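The values are calculated or read from the model by the stated rules, or taken from the named source; none is laboratory data. Note that this is a predicted model, so its numbers are computed, not measured. Backbone-built Cβ (ideal geometry, glycine too); neighbour counts: all protein chains shown.
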Amino acid sequence: MTFDVPSELTQFAESVRAAIGPWEPRREPELGDWQDDRDDELASRLADAGWSELWAGEELLGAVVAGAFELGRAAAPLSLVDEPTLGAPLCVGGRARHARGATSVALALHGGGLALGTPTGEGRAEPTLDGTGTVVLDIGASGELEPVAASACWRAWNAATLAYLAGLAGRALDLAVEHARSREQFGAPIASLPAVQSRLADAALATDAMALLAWAATANDADIQDGELRWAGSVCCEVTASAQQVHGAVGFALETGLHAYYRRARATQAWAVATCDALR
């Protein structure tokens with residue numbers, strides 16, 4: 001991919017990467033149990049780097065994309081996408097992610113609107129295959145945001161989600177390339193096998209396309225790019241699945257950490273599709 005990222009955005013991405021530091025998703029999921037990988041300490045470090053202020057203006061969408069790439073590469077909590085851009089945990093169809101104990105949630109409304117809702121209680125924790133901390137809530141609206149604010153928030157969330165998906169795919173691809181170069185079969189690295197090369201090349205092309213789509217979102221007038229989000233979610237799942245294929249059986253071992261990217265890709269895709277449907 002040939003795309004020159006402005007130096008100030010590269011520097012901001014480095015700041016986000018430094019704030020994330022050694023953080024990584026849990027490698028041993030508690031399957032069947034409620035899980036929430038929300039990390040307030042990580043959120044505080046990112047806030048110090050300026051991440052929490054990026055939803056406020058159209059001129060900051062480039063920084064939103066640059067930072068969200070890094071969040072995706074770390075498979076960081078999705079609360080770090082929702083709360084800086086929407087102002088509260090995302091709630092779709094009565095389900096909210098990373099919302100345990102939240103005093104308000106961001107409701108996706110038909111027609112592209114956005115409202116702040118007040119949970120009437122802690123809600124019911126819903127077990128998932130990923131650490132999104134899903135809670136089923138009873139919510140009362142506390143006032144719809146102004147249309148301009150809703151538009152700006154959804155634009156930022158849209159750009160951040162596209163970049164997050166591209167980051168997930170990019171890191172999974174990197175892990176697959178590293179494995180293909182180090183794993184030997186028949187006296188040579190499996191990276192020399194045409195079938196593996198073809199799979200990795202397709203994944204690289206798709207990942208580059210996702211990255212370009214995220215950068216293009218900074219210049220798009222649409223609040224939510226329905227088709228682009230659906231496509232990016234689907235392709236991210238395909239790339240992470242290809243990374244699993246290249247790893248073979250070891251890709252499912254907890255030690256590799258690759259499974260966390262596949263799970264997060266599936267979860268992010270499902271939430272993106274549900275949000276698009278709610279906003280129609």
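The figures follow:
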{"item": "Residue that is part of a strand (DSSP E or B), within 30 Å of MET210 (Cα to Cα) and touching a residue at least 24 places away in the same chain (Cβ under 8 Å), where the choices are LEU107, LEU116, LEU80, LEU71", "result": "LEU107"}
{"item": "Which numbered condition ARG124 fails, given (1) among the charged types (D, E, K, R); (2) within 20 Å of the chain's Cα centre (by Cα); (3) closer than 23 Å to ALA274 by Cβ", "result": "(2)"}
{"item": "Residues satisfying the stated conditions in the stretch 115-129, i.e. over 14 Å from VAL105 (Cα atoms) and either surrounded by fewer than 19 Cβ atoms within 10 Å (Cβ to Cβ) or modelled with pLDDT of 90 or more (or both)", "result": "ARG124, ALA125, GLU126, PRO127, LEU129"}
{"item": "From the options ALA150, ALA163, residue that is over 19 Å from TRP231 (Cα atoms) and either in a loop (DSSP other than H, G, I, E, B) or of a type in the set (A, V, I, L, M) (or both)", "result": "ALA150"}
{"item": "Single unsatisfied condition, ARG45 versus (1) part of a helix (DSSP H, G or I); (2) under 16 Å from the mean Cα position of the chain (by Cα)", "result": "(2)"}
{"item": "Residue within the stretch 22-40 that is among the small types (Gly, Ala, Ser) and buried (at least 19 other Cβ atoms within 10 Å of the Cβ) present", "result": "no"}
{"item": "Which numbered condition TRP231 misses (of (1) modelled with pLDDT under 95; (2) of a type in the set (Phe, Trp, Tyr); (3) surrounded by fewer than 21 Cβ atoms within 10 Å (Cβ to Cβ))", "result": "(1)"}
{"item": "Members of the stretch 89-103 found to be buried (at least 21 other Cβ atoms within 10 Å of the Cβ) and assigned to a loop (DSSP other than H, G, I, E, B), listed by number", "result": "PRO89, ARG97, HIS98, ALA99, ALA102"}
{"item": "Selected residue (criterion: modelled with the lowest pLDDT) from residues of the stretch 191-213 that are among the polar types (S, T, N, Q) and under 15 Å from ARG181 (Cα atoms)", "result": "SER192"}
{"item": "SER44, sole failed condition from (1) loosely packed, with under 15 Cβ neighbours inside 10 Å; (2) in contact (Cβ under 8 Å) with a residue 12 or more places away in the chain; (3) of a type in the set (S, T, N, Q)", "result": "(2)"}
{"item": "Index of the failed condition, PRO89 passing every other in (1) under 18 Å from TYR164 (Cα atoms); (2) in contact (Cβ under 8 Å) with a residue 40 or more places away in the chain; (3) in contact with a Ser or Thr (Cβ under 8 Å, 6 or more places away or on another chain); (4) not charged (D, E, K, R)", "result": "(2)"}
{"item": "Output for the stretch 48-59, where each listed residue is assigned to a helix (DSSP H, G or I) and surrounded by 19 or more Cβ atoms within 10 Å (Cβ to Cβ)", "result": "TRP51"}
{"item": "Boolean, ALA13 is surrounded by 17 or more Cβ atoms within 10 Å (Cβ to Cβ), among the small types (Gly, Ala, Ser) and either modelled with pLDDT of 95 or more or under 16 Å from TYR164 (Cβ atoms) (or both)", "result": "yes"}
{"item": "Cβ-Cβ under 8 Å pairs, at least 6 apart or on other chains, the stretch 18-38 side over 21 Å from GLY101 (Cβ atoms), far side polar (S, T, N, Q) and assigned to a loop (DSSP other than H, G, I, E, B)", "result": "PRO29/GLN35"}
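Every residue, every condition in (1) farther than 18 Å from GLY67 by Cβ; (2) crowded, with 19+ Cβ neighbours inside 10 Å; (3) in contact (Cβ under 8 Å) with a residue 40 or more places away in the chain; (4) out of contact with any Phe, Trp or Tyr (no Cβ under 7 Å at 6 or more places or on another chain), yes or no:
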| position | (1), (2), (3), (4) |
| --- | --- |
| THR132 | yes, yes, yes, yes |
| LEU137 | yes, yes, yes, yes |
| TRP157 | no, yes, yes, yes |
| GLU178 | yes, no, no, yes |
| GLN185 | yes, no, no, yes |
| SER192 | yes, no, no, yes |
| ALA211 | no, yes, yes, yes |
| ALA219 | no, no, no, yes |
| ALA222 | yes, no, yes, yes |
